[in-house]
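A.B. asks: One structure coming up, written as structure tokens, with questions to follow.
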Amino acid sequence: MAALTSGGCSEVAIKLFGLNQGRFMELHWILLCTRQTLIAIDMQEELKNPEVWLQLKEKLFENEQILKIVHDVRFEADFLYHTVLSGIQLRNVFDTQVIQHRGLRI
């Protein structure tokens, strides 16, 4: 996490992996990618630690200074809001699916 939040990181690509989608997901991994770093968090262990979720919530997911890049953010947003810590709200999100549907290129 320090690599993402120690300053200088202005955008992070995010992907949640698990079984099912949205609020019914059984979360296995969170992948975070910056221009310099790829972080894979094994959530089978970290789900048991609420401090990890608080750190992710405050320093990444709800941090408006960091642009979150996600493809089809609906499922990630639904899972984070309805399942984890009662209401994590993603802020400052760029959804690449919107660009894809408009036929634009990034």
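A.B. asks: Run through the DSSP bridge list for region 2-101 and note the antiparallel percent, rounded to the nearest 5.
C.D. replies: Here the share of antiparallel DSSP bridges comes out near 65 percent.
A.B. asks: So what are the ³J(HN,Hα) numbers for region 40-46, from phi and the Karplus equation (6.51, -1.76, 1.60; θ = phi - 60°), rounded to whole Hz, Gly and Pro as x?
C.D. replies: Couplings: 10, 10, 7, 7, 4, 8, 6 Hz.
A.B. asks: Can I ask one more? Compute the length gained on full extension between residue 52 and residue 31: take 0.36 nm times their separation in residues and subtract their Cα-Cα distance, giving the result in nm to one decimal.
C.D. replies: Extra length from residue 52 to residue 31 when fully extended: 6.1 nm.
A.B. asks: Rank by packing, highest mean first: peptides 58-69, 18-29, with packing defined as the count of other Cβ atoms within 10 Å averaged across residues.
C.D. replies: Packing order, densest peptide first, comes out as 58-69, 18-29.
A.B. asks: If you don't mind, another one. For residue 94, what residues show an amide H to amide H distance below 5 Å, using hydrogens built from the backbone and excluding near sequence neighbours?
C.D. replies: Under 5 Å from the amide H of residue 94 lie the amide H atoms of 68, 69, 70, each far enough along the sequence or on another chain.
Only the coordinates and a few stated rules stand behind these numbers; no lab work does. Here the structure is a predicted model, which means the values were calculated and not measured. Please note: Cβ atoms are built from the backbone with ideal geometry, for glycine as well, and neighbour counts cover all protein chains shown.
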